[in-house]
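These notes are about the structure you will find just below.
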Amino acid sequence: MKEKTGLTKRVWRIVKRTPPIAACVVGCLSEYFFLGTLRRLTPARRVRVLQKWSRRALAAIDVRTAVHGEVPAHGLVVSNHLSYLDIMVFSAAAGCTFVAKREVKSWPGIGWIASLSGAIYIDRARRSETHTIQPRMQAALNDKLRLVVFPEGTSSDGTGVLKFHSSLLQPAVDLKTPVTAACLAYEITDGDAASEVCYWGDHILAPHLFNLLTKKSVQATIRFSEESLMFDDRKEATRRLRGEVERLRETTVR
């Protein structure tokens, strides 16, 4: 009986959450379209629209966000990467634009919104791609936006910090832009966050997402470093920032 009741609750959560999620996707796309027709989609407004609808979408699926440390006013934010939720969690907390892997562009709903929000896509399989997107990264930084990058190049289960790719830090070095380290972590009480919230390895998007929607709630934590740094060399930036993200991770998971 308890098992049946538990299954009923999980199914009910999917039924309850699907309509508001769909409404958020439609609402966000509609607002982008409306502002676009009025030619009012400035980079800053794109970020604000994404922030508003990310907050509503996270509330609809009971994802609660806690922020520790001071959110930087602008500049590059370097973080570990765990899930497709990362973009919404960062957007809801701070209002950001992103460098994301090209695959995100084809994801239904998430990809469409990310594109309209001004996300900068990168093909991780092509080394030359990092040089191609640098002008767009520099434009976002010149606009005084918070630009989030995930230098690991892929997502993980959160038990450690993967190797950082230094090329994504070059625009911040060139522009003498402040860089702030950040760390994401997820917790759930009715499952394993490392496999049921974090999206990595051979996970498949649709079944992973449907399973996530059955969870009671998700606690997301973003921890920002105490200070922003500027660098003259991207290799040094990579070494220090990865160390700082790892330090923040250890602080968060205690």
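The values are calculated or read from the model by the stated rules, or taken from the named source; none is laboratory data. No experiment lies behind these values; they were computed from the predicted model shown. Glycine gets a Cβ as well: all are built from the backbone with ideal geometry, and neighbour counts include every protein chain shown. The area values use the complete protein model at the heavy-atom level, side chains included, leaving out ligands, DNA and RNA. Shrake-Rupley method; radii C 1.70, N 1.55, O 1.52, S 1.80 Å.
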Flag for ASN142 being over 30 Å from THR18 (Cβ atoms), free of Cβ contacts under 8 Å to residues at least 40 places away in the same chain and surrounded by fewer than 18 Cβ atoms within 10 Å (Cβ to Cβ) = yes
query = Does the stretch 179-190 include one or more residues that are in contact with a helix residue (DSSP H, G or I) (Cβ under 9 Å, 6 or more places away or on another chain), β-branched (Val, Ile, Thr), without any contact (Cβ under 8 Å) to a residue 40 or more places away in the chain and closer than 23 Å to SER91 by Cβ?
reply = yes
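Table: residues versus (1) farther than 22 Å from LYS144 by Cβ; (2) surrounded by fewer than 23 Cβ atoms within 10 Å (Cβ to Cβ).
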position: THR65; (1), (2): yes, yes
position: VAL71; (1), (2): no, yes
position: VAL77; (1), (2): no, no
position: SER106; (1), (2): yes, yes
position: THR130; (1), (2): yes, yes
message = Checking the structure you have, find out if any residue of the stretch 126-147 is within 30 Å of THR8 (Cα to Cα) and either hydroxyl-bearing (Ser, Thr, Tyr) or in contact with a strand residue (DSSP E or B) (Cβ under 6 Å, 6 or more places away or on another chain) (or both).
response = no
ask   = Within the stretch 237-254, is there a residue that is in contact (Cβ under 8 Å) with a residue 12 or more places away in the chain, under 18 Å from VAL161 (Cα atoms), touching a helix residue (DSSP H, G or I) at 6+ places or on another chain (Cβ under 8 Å) and open to solvent by 40 Å² or more (accessible area, probe 1.4 Å)?
value = no
task = Would you point out the residue of the stretch 23-40, among those that are among the aliphatic types (A, V, I, L, M) and free of Cβ contacts under 8 Å to residues at least 60 places away in the same chain, that is surrounded by the most Cβ atoms within 10 Å (Cβ to Cβ)?
result = LEU35
inquiry  = Which condition from (1) closer than 24 Å to ALA220 by Cα; (2) crowded, with 18+ Cβ neighbours inside 10 Å; (3) touching a Leu at 6+ places or on another chain (Cβ under 7 Å) is the one that TRP112 breaks?
reply    = (2)
message = Quick check on my filter: what residues within the stretch 54-63 are open to solvent by less than 10 Å² (accessible area, probe 1.4 Å) and in contact with a Leu (Cβ under 9 Å, 6 or more places away or on another chain)?
response = LEU58
query = Going through the stretch 199-236 one residue at a time, which ones are open to solvent by less than 20 Å² (accessible area, probe 1.4 Å) and aromatic (Phe, Trp, Tyr)?
reply = PHE224, PHE231
